[in-house]
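The values are calculated or read from the model by the stated rules, or taken from the named source; none is laboratory data. Worth saying up front: this structure is predicted, and the values here are computed from it rather than measured. Cβ sites come from the backbone with ideal geometry, for glycine too, and all protein chains shown count toward neighbours.
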Amino acid sequence: MVSIRDAIEDDAEAITSIYNAMLETTTREWTDTPHTVDEVRAWLGSRQAGGWPAFVAVDDGNNEVVGWATYGDFRDSVRWPGYRFTVEHSIHVREDHWGRGVGRRLLGALEDHARRAGKHVMVAGIDSENVESIRFHERLGFVEVARMPEVGLKFDRRLDLVLMQRILH
């Protein structure tokens with residue numbers, strides 16, 4: 001079992017570890033630069049200051065953070081206020097906890113938060129090679145709405161982005 005709660009500064013090290021776990025070996029995140037604990041601490045502060053959620057999943061058996069999730073603007077909703085009801089989320093689960101419902105619980109917490117905040121659509125941007133994430137989102141009611149060929153680059157390869165969305169109301 002896992003519990004979902006708001007992330008706190010003390011979670012920064014675990015979040016950073018989960019974030020960086022597959023950075024060097026997969027195209028799940030399109031950066032080559034590892035995240036730092038200080039960067040994640042600052043990010044958590046900005047999430048809280050901006051009213052955006054940042055949740056962690058904590059293993060009830062050992063009190064370890066095993067996943068985290070957040071959402072934010074899909075596009076710049078200050079500059080383009082028509083997008084203010086659409087958010088893009090990010091979910092990361094420690095590999096040894098895949099298939100245990102952690103991602104489902106985190107996404108549920110994000111969706112509940114988004115509904116309470118008056119959001120209408122949640123978007124997922126997924127590397128096309130990450131079929132596990134695409135299937136996960138399909139199982140939870142997301143539909144593919146776009147494939148954007150060769151918009152990313154990692155490991156000297158052009159990468160395709162899959163956009164999926166779910167209408168929350």
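Restricting attention to the range 3-12, report how many residues are in a helix (DSSP H, G or I) and either touching a strand residue (DSSP E or B) at 6+ places or on another chain (Cβ under 6 Å) or surrounded by 14 or more Cβ atoms within 10 Å (Cβ to Cβ) (or both).
Let us first name the residues in the range 3-12 that are in a helix (DSSP H, G or I), namely 9-12.
Now narrow it down to the ones that are either touching a strand residue (DSSP E or B) at 6+ places or on another chain (Cβ under 6 Å) or surrounded by 14 or more Cβ atoms within 10 Å (Cβ to Cβ) (or both): 11-12.
Number of matching residues: 2.
Each row is one residue, and each column tells you yes or no for (1) within 20 Å of Ala12 (Cα to Cα); (2) among the polar types (S, T, N, Q); (3) in contact with a Lys or Arg (Cβ under 6 Å, 6 or more places away or on another chain).
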position	(1), (2), (3)
Gly51	yes, no, no
Ser77	no, yes, yes
Arg104	no, no, no
Arg116	no, no, no
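Can you tell me which residue is surrounded by the most Cβ atoms within 10 Å (Cβ to Cβ) among those in the range 48-67 that are outside any strand (DSSP E or B) and under 13 Å from the mean Cα position of the chain (by Cα)? Show your work before the answer.
The first filter runs over the range 48-67 and keeps only residues outside any strand (DSSP E or B), leaving 48-53, 60-64.
Those left that are additionally under 13 Å from the mean Cα position of the chain (by Cα): 52-53.
Details: Trp52: 15, Pro53: 21.
Filtering the range 48-67 for residues that are outside any strand (DSSP E or B) and under 13 Å from the mean Cα position of the chain (by Cα), the one surrounded by the most Cβ atoms within 10 Å (Cβ to Cβ) comes out as Pro53.
Can you name the condition, by its number, that Ala49 falls short on among (1) more than 25 Å from Arg166 (Cα to Cα); (2) at pLDDT 95 or above; (3) not hydroxyl-bearing (Ser, Thr, Tyr)?
Tallying (1) more than 25 Å from Arg166 (Cα to Cα); (2) at pLDDT 95 or above; (3) not hydroxyl-bearing (Ser, Thr, Tyr), Ala49 fails exactly one: (2).
Inspect all residues belonging to the range 70-86 and state whether any of them is of a type in the set (Phe, Trp, Tyr) and part of a helix (DSSP H, G or I). Write out each step before concluding.
Taking the range 70-86 as the starting set, the residues that turn out to be of a type in the set (Phe, Trp, Tyr) are 71, 74, 80, 83, 85.
Retained after the next criterion (residues that are part of a helix (DSSP H, G or I)): 83.
Looking for residues that are of a type in the set (Phe, Trp, Tyr) and part of a helix (DSSP H, G or I), one finds at least one in the range 70-86, hence yes.
For Ala117, are the conditions met, namely being among the hydrophobic types (A, V, I, L, M, F, W, C), more than 15 Å from the chain's Cα centre (by Cα) and surrounded by 13 or more Cβ atoms within 10 Å (Cβ to Cβ)? Step through it out loud before you land on a result.
Working: among the hydrophobic types (A, V, I, L, M, F, W, C): yes; more than 15 Å from the chain's Cα centre (by Cα): yes; surrounded by 13 or more Cβ atoms within 10 Å (Cβ to Cβ): yes.
Taking the combined requirement at face value, the residue satisfies it.
Give the residues of the range 140-169 that are basic (Lys, Arg) and under 18 Å from Glu88 (Cα atoms), sorted by residue number. Walk me through how you get there before you give the answer.
Keep residues of the range 140-169 that are basic (Lys, Arg), which gives 147, 154, 157-158, 166.
Hits for the range 140-169 are Arg147, Arg166.
Looking for whichever is closer than 20 Å to Ser3 by Cα and aromatic (Phe, Trp, Tyr) here; the options are Trp30, Trp52. Which one fits?
Unique residue meeting the criteria: Trp52.
Could you go through the range 68-87 and let me know if any residue there is more than 21 Å from Ile167 (Cβ to Cβ) and buried (at least 20 other Cβ atoms within 10 Å of the Cβ). Write out each step before concluding.
Taking the range 68-87 first, the residues more than 21 Å from Ile167 (Cβ to Cβ) are 68, 76, 78-79.
Those still in the list that are buried (at least 20 other Cβ atoms within 10 Å of the Cβ) too: 68.
Scanning the range 68-87 turns up at least one residue that is more than 21 Å from Ile167 (Cβ to Cβ) and buried (at least 20 other Cβ atoms within 10 Å of the Cβ).
Would you confirm whether any residue within the range 156-165 is at pLDDT 95 or above, of a type in the set (Asp, Glu), over 21 Å from Trp98 (Cβ atoms) and in contact with a helix residue (DSSP H, G or I) (Cβ under 9 Å, 6 or more places away or on another chain)?
Going residue by residue through the range 156-165, those that are at pLDDT 95 or above are 156-165.
Right, trim to of a type in the set (Asp, Glu) and you get 156, 160.
From what is left, the residues that are over 21 Å from Trp98 (Cβ atoms) are 156, 160.
Then keep just the ones that are in contact with a helix residue (DSSP H, G or I) (Cβ under 9 Å, 6 or more places away or on another chain); that gives none.
Checked the range 156-165: no residue is at pLDDT 95 or above, of a type in the set (Asp, Glu), over 21 Å from Trp98 (Cβ atoms) and in contact with a helix residue (DSSP H, G or I) (Cβ under 9 Å, 6 or more places away or on another chain).
For the subset of the range 3-40 comprising residues that are aliphatic (A, V, I, L, M) and farther than 22 Å from Glu129 by Cα, which member is nearest to the chain's Cα centre (by Cα)? Outline the logic, then answer.
Applying the first criterion (aliphatic (A, V, I, L, M)) to the range 3-40 yields 4, 7-8, 12, 14-15, 18, 21-23, 37, 40.
Now drop any that are not farther than 22 Å from Glu129 by Cα, which leaves 4, 7-8, 12, 14-15, 37, 40.
Working: Ile4: 14, Ala7: 13, Ile8: 17, Ala12: 15, Ala14: 15, Ile15: 12, Val37: 17, Val40: 14 Å.
Here the residue is Ile15.
Looking only at residues that are at pLDDT 95 or above and charged (D, E, K, R) in the range 13-46, which one is surrounded by the most Cβ atoms within 10 Å (Cβ to Cβ)?
Checked the range 13-46; the qualifying residue surrounded by the most Cβ atoms within 10 Å (Cβ to Cβ) is Arg41.
Mind checking which residues of the range 87-106 are farther than 13 Å from Val2 by Cβ and part of a helix (DSSP H, G or I)?
Selection gives Glu95 alone.
Given the conditions (1) of a type outside the set (Gly, Ala, Ser); (2) over 12 Å from the mean Cα position of the chain (by Cα); (3) more than 17 Å from His137 (Cβ to Cβ), and given that Arg105 satisfies all but one, which numbered condition is not satisfied?
So Arg105 meets the others, but not (3).
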